[in-house]
1. Restrict the check to segment 7-19 and report whether at least one residue is in a loop (DSSP other than H, G, I, E, B) and at pLDDT below 95.
2. For segment 32-62: of the residues being over 21 Å from K6 (Cβ atoms) and in contact (Cβ under 8 Å) with a residue 12 or more places away in the chain, which is surrounded by the fewest Cβ atoms within 10 Å (Cβ to Cβ)?
3. For segment 39-81, give me each residue that is over 21 Å from R18 (Cβ atoms) and in contact with a strand residue (DSSP E or B) (Cβ under 6 Å, 6 or more places away or on another chain).
4. Filter segment 44-91 down to residues that are modelled with pLDDT of 95 or more and of a type in the set (D, E) and give me whichever is nearest to V8 (Cα to Cα).
5. Out of segment 66-82, which residues are exposed (fewer than 12 other Cβ atoms within 10 Å of the Cβ) and under 16 Å from N24 (Cα atoms)?
6. Among the residues of segment 26-41 satisfying the criterion of being at pLDDT 95 or above and of a type in the set (D, E, K, R), which is nearest to the chain's Cα centre (by Cα)?
7. In segment 42-77, what count of residues is obtained for those that are over 13 Å from the mean Cα position of the chain (by Cα) and part of a strand (DSSP E or B)?
8. Would you say K87 is farther than 17 Å from R3 by Cα and either assigned to a helix (DSSP H, G or I) or acidic (D, E) (or both)?
Amino acid sequence: MRRTVKKVIDGDTIVVNRKIGDTNKIRLARVNAPERGKSGGRKATNILRGLVGGKSITLTPKGRSYDRVVAEVWVGRKSVNKRMNEKLRRK
């Protein structure tokens, strides 16, 4: 399913538009970024914002966790999940 990223919450959670006036929180599957306010949290958020901020993405849902859909996120043919994990390992 294609969506547009409305907001980056932290290094592994985004908000996407569902339809006019409606949004969904998406948790990147298999990505465990530092939380906001923790060491590395701001950097992880900025990395994810650079990868997906305001962009059109494709979601492959993998399940649910709390109030979020857990999904593989794609920009074009590139896995955002894979790229985030690569960038987080380098920090």
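The values are calculated or read from the model by the stated rules, or taken from the named source; none is laboratory data. Bear in mind that the values here come from a model prediction, so they are computed numbers and not experimental data. Cβ sites come from the backbone with ideal geometry, for glycine too, and all protein chains shown count toward neighbours.
1. Step one: of segment 7-19, the residues in a loop (DSSP other than H, G, I, E, B) are 11-12.
If we keep only those that are at pLDDT below 95 too, we end up with none.
No - not one qualifying residue is present in segment 7-19.
2. Applying the first criterion (over 21 Å from K6 (Cβ atoms)) to segment 32-62 yields 32, 34, 37-40, 43.
Now narrow it down to the ones that are in contact (Cβ under 8 Å) with a residue 12 or more places away in the chain: 32, 34, 40, 43.
Values: N32: 12, P34: 18, G40: 14, K43: 15.
Looking at the filtered set, the residue picked out is N32.
3. T45
4. This residue is E72.
5. Within segment 66-82, the subset exposed (fewer than 12 other Cβ atoms within 10 Å of the Cβ) is 66-67, 76-78.
Hits for segment 66-82 are Y66, D67.
6. R27
7. Step one: list which residues in segment 42-77 are over 13 Å from the mean Cα position of the chain (by Cα), which gives 42-43, 62-67, 76-77.
Subset that is part of a strand (DSSP E or B): 62-65.
The qualifying residues number 4.
8. On the way: farther than 17 Å from R3 by Cα: yes; either assigned to a helix (DSSP H, G or I) or acidic (D, E) (or both): yes.
Against the criterion (farther than 17 Å from R3 by Cα and either assigned to a helix (DSSP H, G or I) or acidic (D, E) (or both)), K87 qualifies.
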